[in-house]
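Read through the structure below, which is laid out as structure tokens, and then see the notes.
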């Protein structure tokens, strides 16, 4: 990772450090683009950044490259070799996952902790990605044994909102690469971070 990538855009809160993501909103508002306020979220998960006449990165950096993805001044394409560090971060912190997706696909609508109707209470979807032709519901899981439970829960959401929004709704569990082989025992959809990025780009 090039830690000197900053071109000194002059922003007081540049996207490489502070990224705005919709959080705790209703799925109806996200899909219909109703006016809502974004939350300012820290990009760096290890607090390795300072902003003084540009971005400075200190020795705490683990070179996950998320800050490079978020910078609108730098061309940073997705590569498999950046997967290992980012994967753990995105599965443990779905706000960072939302930031990554929005950075790679800026024309998509992306929200976190999105409220949907449940059987007896309001459910929250980790990350919702709204594309022109479909909506993708994402559950980040480090424990693959929970795939059936959350997949069934997300299926209920798909059945509830499919006709309302008039577009296809998909759901997928994001899991670690090292657990992919064991997850094949389940009949529900799952993917690794690299596979998710590929699928969202289709």
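Quick note: the coordinates plus some simple rules give every number you see, no bench work behind them. Nothing here was measured: the structure is a model prediction, and the numbers come from that model. Counting neighbours? That spans all protein chains shown, and the Cβs are built from the backbone with ideal geometry, glycine included.
Remarks
- Beta bridges assigned by DSSP with both partners in the chain are antiparallel in approximately 65 percent of cases.
- Residue order, fewest to most beta carbons within 10 Å, for 84, 75, 37, 103: 75, 37, 84, 103
- C-alpha long axis of helix 147-165 to longest principal axis of the chain, angle in °: 80 degrees
- Share of pairwise Cα separations in the range 85-140, more than 19 Å, in percent: 30 percent
- Most mobile of 168, 177, 59 in a GNM of the chain (Cα contacts under 10 Å): 59
- Space enclosed by the convex hull of the alpha-carbon atoms of the range 1-146, per residue, Å³: 134 Å³
- Placing a pseudo-label 7 Å from each Cα along the Cα-to-Cβ vector at residue 20 and residue 42 gives an inter-label distance of 2.1 nm.
- Mean separation of Cα contacts under 8 Å, 6 or more apart, over the residue count of the range 137-202: relative contact order %: 37 percent
- The range 53-202, relative contact order in percent, only Cα pairs under 8 angstrom and at least six apart counted: 17 percent
- In degrees, nearest ten, helix 83-92 long axis to first principal axis of the chain (Cα): 60 degrees
- Residue order, fewest to most beta carbons within 10 Å, for 70, 50: 50, 70
- Reduced Cα scattering model of the range 102-168, Debye log10 I(q)/I(0), q = 0.15 Å⁻¹: -0.51
- Scaling the Cα radius of gyration of the range 1-60 by the globular reference 2.2 N^0.38 Å produces a ratio of 1.42.
- Computed over the Cα atoms of the range 86-202, pair by distinct pair, the Kirkwood hydrodynamic radius stands at 14.3 angstrom.
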